[in-house]
Amino acid sequence: MTEQRHASLGLHPIHAEGEAAHDPAEQLRRHVVARRMRTVAIVVGLVLVAGAARTVLSRAANAKALDEGVAEHSAVYVKTSLPKPADSGQTIALPGTLQGAVQAPIAARASGYVKRWTKDIGSRVEKGELLAEIEAPELDEQVRQAVARRDQAASSLALAQSTVDRWESLRKKDVVAQQDLDERRSALVQARANLAAADADLQRLKQLEDFKRVTAPFAGVVTKRNVDVGDLIDTSGKPLFLLSQTDPLRVVVNVPQSYANLVKTGQTVTVTQAELQDRAFKGQVTRTSGAIDAATRTMQVEVSLSNKDGALLPGAYVQVGLPLSSSGALSVPTNTLLFRGEGTRVAVIDAQGKVRLQAVTLGRNSGTSVEVTSGLQASDRLVLNPPDSLVDGDVVTTQPPATAKAPA
């Protein structure tokens, strides 16, 4: 290949040793090529270093963001609440049934047939007023027989008395023996006893005859009539009428065991009826049973209620608002409770944010809150809506997480 061809290809011919070293143009070209090569190498190195630095910084930023995201998602954010004293003005509404202050079934004491009745349901009667009259011919005959027996006993007594008087006069003359006089005196005593028995039997039958008139034992309203004219009446106890005293009324309430010890005699209560929405009636606790029914775990309470205008009717269903005195316990929201196999717990947060599951004893439940009788202090911070996975020693954050902004 010729030198011209080498020159066109940028290749330098190989000269003899020492020949090229003395060529200044060739040396200059070599220096230029070497400098360009170093410049290109430096630029490539800077580019590589910049890319490596960018990769390292990007990975570090991503790792930091990942750690922050993991920490944020692993943190448990909770809201807390403090126990507070139970409300002293708490009122519970309990169902009750209105009854007459005095309510009694009126039955007949004499057997016979209903001759007539004078009062029907809804009739207001006074004490002693006639309700019905019974016809009892057998009883009338028994009274007549008792009168006859009484007359016989009185006649026997008169004969015995005159006999004793004669025998005493004869005894003074020593005409008769003392034994005979004593026998006559004994017959006189027996005659007096027979007369007393006849009088008692006659009085009994007369009182029984008075029961043919069925009267009201107290003032009230006839709420039931179970007989009609001609009905056969016996002394089995079947009631003829049901009489109720409507003023005052009494309300029978069954108070749950958890509230029983807070009900006291003399407490003022409010009675309402669904049909009388614009009215509320004031009553007073008159008596309590003083014991818990083992079947229902409730205590029976009676409330006296004035009903002068007759707006309330016996037998009606009412609601009794019973105010309760404070029990002195702490009250917590019901959504702080955890029901575990080992019992009822609440999650208490200490100053370091650690959770401690505390066992508590519950008292009265008012729906949104419940009383805690033991296991809590007034300064304890409680977790609201605690998750089921919460265990002792968990660290929680009491501040709510920041809300992410919605994209535009």
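The values are calculated or read from the model by the stated rules, or taken from the named source; none is laboratory data. Since the model is a prediction, treat every value here as computed from it, not as a measurement. Positions of Cβ are generated from backbone atoms using ideal geometry, with glycine treated the same way; all protein chains shown enter the neighbour counts. Keep in mind that these areas ignore ligands, DNA and RNA; they rest on the heavy atoms of the full protein, side chains included. Shrake-Rupley method; radii C 1.70, N 1.55, O 1.52, S 1.80 Å.
Overview of values
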| read-out | value |
| --- | --- |
| Test: VAL271 is farther than 23 Å from LYS224 by Cα and touching a Phe, Trp or Tyr at 6+ places or on another chain (Cβ under 7 Å) | yes |
| Which listed residue, of GLU168, GLU141, GLU129, is within 25 Å of GLY230 (Cα to Cα), over 60 Å from the mean Cα position of the chain (by Cα) and surrounded by fewer than 14 Cβ atoms within 10 Å (Cβ to Cβ) | GLU141 |
| Members of segment 273-307 found to be of a type in the set (A, V, I, L, M, F, W, C), part of a loop (DSSP other than H, G, I, E, B) and surrounded by fewer than 15 Cβ atoms within 10 Å (Cβ to Cβ), listed by number | ALA274, ALA291, ALA294, ALA295 |
| Subset of segment 344-368 (residues that are more than 19 Å from VAL78 (Cα to Cα), in contact (Cβ under 8 Å) with a residue 40 or more places away in the chain and in a strand (DSSP E or B)) | GLY363, ARG364, ASN365 |
| One residue from ASN254, ASN226, ASN261 being under 36 Å from the mean Cα position of the chain (by Cα), surrounded by fewer than 19 Cβ atoms within 10 Å (Cβ to Cβ) and modelled with pLDDT of 85 or more | ASN254 |
| Count of residues meeting criterion [touching a Ser or Thr at 6+ places or on another chain (Cβ under 6 Å) and either part of a strand (DSSP E or B) or surrounded by 15 or more Cβ atoms within 10 Å (Cβ to Cβ) (or both)] in segment 308-336 | 7 |
| Residues being at pLDDT 85 or above and either in contact with a His (Cβ under 7 Å, 6 or more places away or on another chain) or open to solvent by less than 40 Å² (accessible area, probe 1.4 Å) (or both) - total across segment 230-241 | 2 |
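Residues checked against (1) under 28 Å from VAL370 (Cβ atoms); (2) of a type in the set (S, T, N, Q):
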position: SER244; (1), (2): no, yes
position: SER258; (1), (2): yes, yes
position: LEU262; (1), (2): yes, no
position: ARG287; (1), (2): no, no
position: VAL301; (1), (2): yes, no
position: LEU324; (1), (2): yes, no
position: SER331; (1), (2): yes, yes
